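Working notes, structure below.
The values are calculated or read from the model by the stated rules, or taken from the named source; none is laboratory data. It should be emphasised that the depicted structure is a prediction, and the values quoted were computed from it without experimental measurement. Cβ coordinates were reconstructed from backbone atoms using ideal geometry, including for glycine residues, and neighbour counts include every protein chain displayed.
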Amino acid sequence: MSEATTTTSTPSTMRPGGRPAGPRNDRGPGSGPRKKRPFQRRKICRFCAEKETTIDYKDPRTLRYFITERGKIVPRRISGNCSKHQREITEAIKRARNLALLPLAAGHILP
Ligand SMILES: [Zn+2]
């Protein structure tokens, strides 16, 4: 059996009924390049990291770090607290507000 194996090069890339090549323009003009946030280091809870730092409602200096200048509590994804300490911070801030150690709203901040 001596048969020359002639591999017929069939163009497999050509398919009948394929869509015509060319720039597809089915994307709307509104889809611009998405802004990609640069990689951010994962924040760690400062109360977990530093065991000696305690959450105290009588200590507005520590709590002030976790409220915005409008008097709102900074969310966990910004502050980087863990859920346990965020709950304690929230509780402490609310207590401190009652004692007028922290402002309730932006208008309450004294100059
Ligand atoms: Zn924590």
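Please tell me if LYS51 is away from the ligand (no atom under 15 Å from the Cβ) and either among the charged types (D, E, K, R) or on the phi < 0 side of the Ramachandran plot (or both).
Here the answer is no, as LYS51 does not meet what is asked.
Criterion first (in a helix (DSSP H, G or I) and either basic (Lys, Arg) or out of contact with any strand residue (DSSP E or B) (no Cβ under 6 Å at 6 or more places or on another chain) (or both)) does TYR65 satisfy it?
yes
When you look at ALA106, is it modelled with pLDDT under 90 and away from the ligand (no atom under 16 Å from the Cβ), yes or no?
Yes, satisfied.
So is ILE55 under 30 Å from ALA105 (Cα atoms), modelled with pLDDT of 65 or more, touching a Cys at 6+ places or on another chain (Cβ under 9 Å) and part of a loop (DSSP other than H, G, I, E, B) or not?
Criteria not met by ILE55.
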